[in-house]
């Protein structure tokens, strides 16, 4: 196919003057992204904007008070690592508290509309990771892990077998309530993946991701009990090469 100068795709949401809280649709738009997740259609779940301490806007990701209900921001299945890499995703997030919640930020082969992290993507218990989706690549944090405030670099589906021992993939960079962190993951066309926290390279794994399976991107928050869970997101970004074969 003919190629032009617009060879790089970049999606960015800054939550500037946005308000997407009460909506009974199972999936709705927020800038270039989609809001979805199991339970996200309930009117007490959504992403209102906080402007009090950030004039540029902060999205307040809010679940319902039901176990395994998820709120997420993401894309449809739209990324092919082999054709569109290097694919880069980045988000700046913080927590009010780190109790009874689970977070996944990254890529999977699961459509995000009614996604549940535990049911569709993965889950954790003590030091064991259960990689449910056949293709996963990103960051995982879970109150049900022994290291319950640490980010973990998770992957599955590439030529390198996904690690299920959480102690082998922790970042040793705990989230702290009230403090911002920048999470970044880079997927290269050969299936190698690098993870960064606050600009520091945490880990690089060759063959971590498939070079041919189409993936979606999500920043997802899930309740692990009967409490409303909250995560602040300052911005969400993903960029990749255009698929010129289409």
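So the check is Cβ under 6 Å with 6+ separation or different chains; which pairs have a first residue in region 183-204 that's at negative phi and without any contact (Cβ under 8 Å) to a residue 40 or more places away in the chain and a second one that's assigned to a strand (DSSP E or B) and surrounded by 21 or more Cβ atoms within 10 Å (Cβ to Cβ)?
196/184
Please tell me if residue 27 is at pLDDT below 70 and under 23 Å from residue 187 (Cα atoms). Break it down stepwise before answering.
Numbers: at pLDDT below 70: yes; under 23 Å from residue 187 (Cα atoms): no.
Considered against the rule, which asks whether it is at pLDDT below 70 and under 23 Å from residue 187 (Cα atoms), residue 27 comes out as no.
Out of all the residues in region 103-125, which are part of a strand (DSSP E or B) and either within 23 Å of residue 192 (Cβ to Cβ) or without any contact (Cβ under 8 Å) to a residue 40 or more places away in the chain (or both)?
Scanning region 103-125 gives 104, 105, 106, 107, 108, 122, 123, 125.
In region 58-102, what residues are modelled with pLDDT of 95 or more, in contact with a helix residue (DSSP H, G or I) (Cβ under 8 Å, 6 or more places away or on another chain) and closer than 22 Å to residue 132 by Cα?
Hit for region 58-102 is 102, nothing else.
Of the numbered conditions (1) free of Cβ contacts under 8 Å to residues at least 40 places away in the same chain; (2) farther than 16 Å from residue 215 by Cβ; (3) crowded, with 24+ Cβ neighbours inside 10 Å, residue 156 satisfies every one except a single condition; which is it?
Single failed check for residue 156: (2).
The values are calculated or read from the model by the stated rules, or taken from the named source; none is laboratory data. Quantities reported herein were computed from a predicted structural model and do not represent experimental measurements. Every residue, glycine among them, receives a Cβ derived from its backbone with ideal geometry; neighbour counts consider all protein chains shown.
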